[in-house]
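Undergrad: Dumping the structure here so I can ask a few things about it.
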Amino acid sequence: MNKIEAKRFDLLKDLTTTHGISGFESSVKKIVKNGFKNADKIIEDNIGNISAEYNLDKKPSIMLIAHMDEVGFIVSDILESGLLRFQTIGSWDKNTLLSSSVEVINRFGKKFYGIIGSLPVHYQTNKNYEVKIDDMFIDVGAKNIQQVKDEMNINLGDEIVPFSNFHYVEESNHLFGKAFDDRVGVSVMMEIGEYFSKNAHPNRLICAASTQEEVGGRGSMTLRNYYHPDICIVLEGAPADDFPGLNRKPQTGLDLGAHIRIYDVSMIAKKELRELVIDTAERNNIKYQLAVRKGGGTDGGLIQTSLYGVPSIVMGVPVRYAHSHNGCISLNDYNDLVELLKTIISEFDEKILGKISGK
């Protein structure tokens, strides 16, 4: 790895191994705030968002937004046996959960290792039994409820996060880890902000790290009350579908370039902005891939409808196995996205904005 790649690797490791489900993003926010240290202005709000601004006196304005939260759980009940029931935070596929490792974090920040379990197959009398998330529990190795409460200080509402390894595959330049949705977007945004704190560009750049996206984009609801950018680019860990079992051709795969989303259920990318992004990629020989998603949604769905409307688009790094304990990304796609964003922002001015807005 060269120095830039090593710095990128270290940032991704810090961001993804740090815990922060929706509503518990403060530890991630500390990393982001440190990365914004060279910004012209930093704003923090009461829901936990943090944003940095560069080139305050310039026009037009570009917002990059990426969410800090990850999917996880909270403690919803403590059984007499010492086993824990849990409430999901964000969407989970139940098929990924059984026997998975987690960490339960009490209000003092102490972590307790646990395993997700359910009624074992040896004791299932119904041949058609299908385990549901509500049937599952977490075993933290406690003897009883008193030990959980009095010695472990675990209580209702405590954060539960996936416990995963961070692993680099040198041969392919791939990474395994948790929370790439959307810490990879946050990492890209921080890198772009740092780059343009030192390099000239003809516009005002806003880098916004949002909270609680996985539970309905609540952080972006606050951000849209404060900012009204001329365009918005949502940076995501975009779900990849390049694996067996689909009845259609994959649209988003590893090592195929930056993800550019045309449609999802929350937002349709503005045609003129989409064409700008595609044209920029093609003129500069930057790899990209287009996607039309039948599900999902992002902060962009809320930002684009603020005030008079904000032309918006979703771009990202493909993530295999998003919303599970272990995801996989390619640093090659990460680099393509960074280079594409650098070029777009370096060139974006009032004339280009006029073409997008039609004014």
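The values are calculated or read from the model by the stated rules, or taken from the named source; none is laboratory data. None of these values were measured; they are calculated from a predicted model. Backbone-built Cβ (ideal geometry, glycine too); neighbour counts: all protein chains shown.
Undergrad: Of the residues ASN46, ASN106, which single one is assigned by TED's automatic domain parsing to the domain that holds ASP182 and not hydroxyl-bearing (Ser, Thr, Tyr)?
TA: ASN46
Undergrad: Also, quick follow-up: Limited to the stretch 261-310, what total is found for residues that are within 25 Å of THR343 (Cβ to Cβ), in contact (Cβ under 8 Å) with a residue 60 or more places away in the chain and not hydrophobic (A, V, I, L, M, F, W, C)?
TA: Going through the stretch 261-310 one residue at a time, the tally reaches 7.
Undergrad: Pick out the one residue from ALA281, ALA208, ALA269, ALA258 that is in the same structural domain as VAL32 (by TED's automatic domain parsing), farther than 30 Å from HIS325 by Cβ, of a type in the set (A, V, I, L, M) and in contact with a helix residue (DSSP H, G or I) (Cβ under 6 Å, 6 or more places away or on another chain). Outline the logic, then answer.
TA: Details: ALA208 fails: farther than 30 Å from HIS325 by Cβ; ALA269 fails: in contact with a helix residue (DSSP H, G or I) (Cβ under 6 Å, 6 or more places away or on another chain); ALA258 fails: farther than 30 Å from HIS325 by Cβ.
Testing whether each residue is in the same structural domain as VAL32 (by TED's automatic domain parsing), farther than 30 Å from HIS325 by Cβ, of a type in the set (A, V, I, L, M) and in contact with a helix residue (DSSP H, G or I) (Cβ under 6 Å, 6 or more places away or on another chain) leaves just ALA281.
Per-residue answers, yes or no, for (1) at negative phi; (2) in contact with a Pro (Cβ under 7 Å, 6 or more places away or on another chain):
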| residue | (1), (2) |
| --- | --- |
| LEU205 | yes, no |
| GLY217 | no, no |
| ASN225 | yes, no |
| PRO239 | yes, no |
| ASP242 | yes, yes |
| ASP255 | no, no |
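Undergrad: Output yes when any residue across the stretch 219-226 is surrounded by fewer than 24 Cβ atoms within 10 Å (Cβ to Cβ), in a loop (DSSP other than H, G, I, E, B) and touching a residue at least 24 places away in the same chain (Cβ under 8 Å), and no when none is.
TA: no
Undergrad: Okay, moving on. Can you go through ASP242, ASP255, ASP230, ASP279 and tell me which one is surrounded by 15 or more Cβ atoms within 10 Å (Cβ to Cβ) and over 26 Å from HIS174 (Cα atoms)?
TA: ASP230
Undergrad: Follow-up question, since we're still on this one. Looking at (1) in contact with a helix residue (DSSP H, G or I) (Cβ under 6 Å, 6 or more places away or on another chain); (2) free of Cβ contacts under 8 Å to residues at least 60 places away in the same chain, which one does MET68 not meet, given that it meets all the others?
TA: Unmet for MET68, out of (1) in contact with a helix residue (DSSP H, G or I) (Cβ under 6 Å, 6 or more places away or on another chain); (2) free of Cβ contacts under 8 Å to residues at least 60 places away in the same chain: (2).
Undergrad: Out of curiosity, is VAL148 modelled with pLDDT under 95, farther than 29 Å from HIS67 by Cβ and surrounded by 13 or more Cβ atoms within 10 Å (Cβ to Cβ)?
TA: no
Undergrad: Considering only residues of the stretch 254-273 that are in a loop (DSSP other than H, G, I, E, B) and at pLDDT below 95, which is farthest from SER357 (Cα to Cα)? Give the derivation first.
TA: If we filter the stretch 254-273 for residues that are in a loop (DSSP other than H, G, I, E, B), which is where we start, we get 254-257, 265-266, 269-270.
Now narrow it down to the ones that are at pLDDT below 95: 265-266, 269-270.
Values: VAL265: 23, SER266: 20, ALA269: 13, LYS270: 9 Å.
If we take residues in the stretch 254-273 being in a loop (DSSP other than H, G, I, E, B) and at pLDDT below 95, then VAL265 is farthest from SER357 (Cα to Cα).
Undergrad: What number of residues in the stretch 95-135 are in contact with an Asp or Glu (Cβ under 9 Å, 6 or more places away or on another chain), closer than 17 Å to ILE21 by Cβ and part of a loop (DSSP other than H, G, I, E, B)?
TA: Qualifying residue count for the region: 2.
Undergrad: Kindly list the number of the only condition in (1) closer than 22 Å to GLU80 by Cβ; (2) surrounded by fewer than 22 Cβ atoms within 10 Å (Cβ to Cβ); (3) modelled with pLDDT of 95 or more that fails for PHE108.
TA: (1)
Undergrad: Select from the stretch 292-321 the residues that are of a type outside the set (Val, Ile, Thr) and closer than 18 Å to TYR227 by Cα and list them in ascending order.
TA: ASP299, GLY300, GLY301, LEU302, GLN304, SER306, LEU307, TYR308, GLY309, PRO311, SER312
Undergrad: Please go through the stretch 122-145 and pick out each residue that is touching a residue at least 60 places away in the same chain (Cβ under 8 Å) and not aliphatic (A, V, I, L, M).
TA: Scanning the stretch 122-145 gives LYS143, ASN144.
Undergrad: Please find, within the stretch 316-328, the residue that is nearest to ALA281 (Cα to Cα) out of those that are surrounded by 24 or more Cβ atoms within 10 Å (Cβ to Cβ) and among the hydrophobic types (A, V, I, L, M, F, W, C). Quick ask: steps written out before the conclusion?
TA: First, the residues of the stretch 316-328 that are surrounded by 24 or more Cβ atoms within 10 Å (Cβ to Cβ): 316-319, 327.
Subsequent filtering for residues that are among the hydrophobic types (A, V, I, L, M, F, W, C) retains 317, 319.
On the way: VAL317: 15, VAL319: 21 Å.
Selected residue: VAL317.
Undergrad: Also, I was wondering about something else. With the stretch 274-359 as the region, which strands (runs of 3 or more DSSP E) entirely inside it contain at least 2 residues that are among the hydrophobic types (A, V, I, L, M, F, W, C) and within 30 Å of GLU103 (Cα to Cα)?
TA: By residue number, 312-319, 327-330.
Undergrad: On to the next question. Mind telling me which of the residues PRO250, PRO311 ends up being of a type outside the set (Phe, Trp, Tyr) and out of contact with any strand residue (DSSP E or B) (no Cβ under 7 Å at 6 or more places or on another chain)?
TA: Answer to the check: PRO250.
Undergrad: Still on this structure, I have one more. Applying the selection to the stretch 139-172, what residues are among the aromatic types (Phe, Trp, Tyr) and not in a loop (DSSP other than H, G, I, E, B)?
TA: TYR168 - this is the single residue of the stretch 139-172 that is among the aromatic types (Phe, Trp, Tyr) and not in a loop (DSSP other than H, G, I, E, B).
Undergrad: If only one of ASP349, ASP333 is out of contact with any Ser or Thr (no Cβ under 9 Å at 6 or more places or on another chain) and over 19 Å from ASP181 (Cα atoms), which one is it?
TA: That would be ASP349, the only listed residue that is out of contact with any Ser or Thr (no Cβ under 9 Å at 6 or more places or on another chain) and over 19 Å from ASP181 (Cα atoms).
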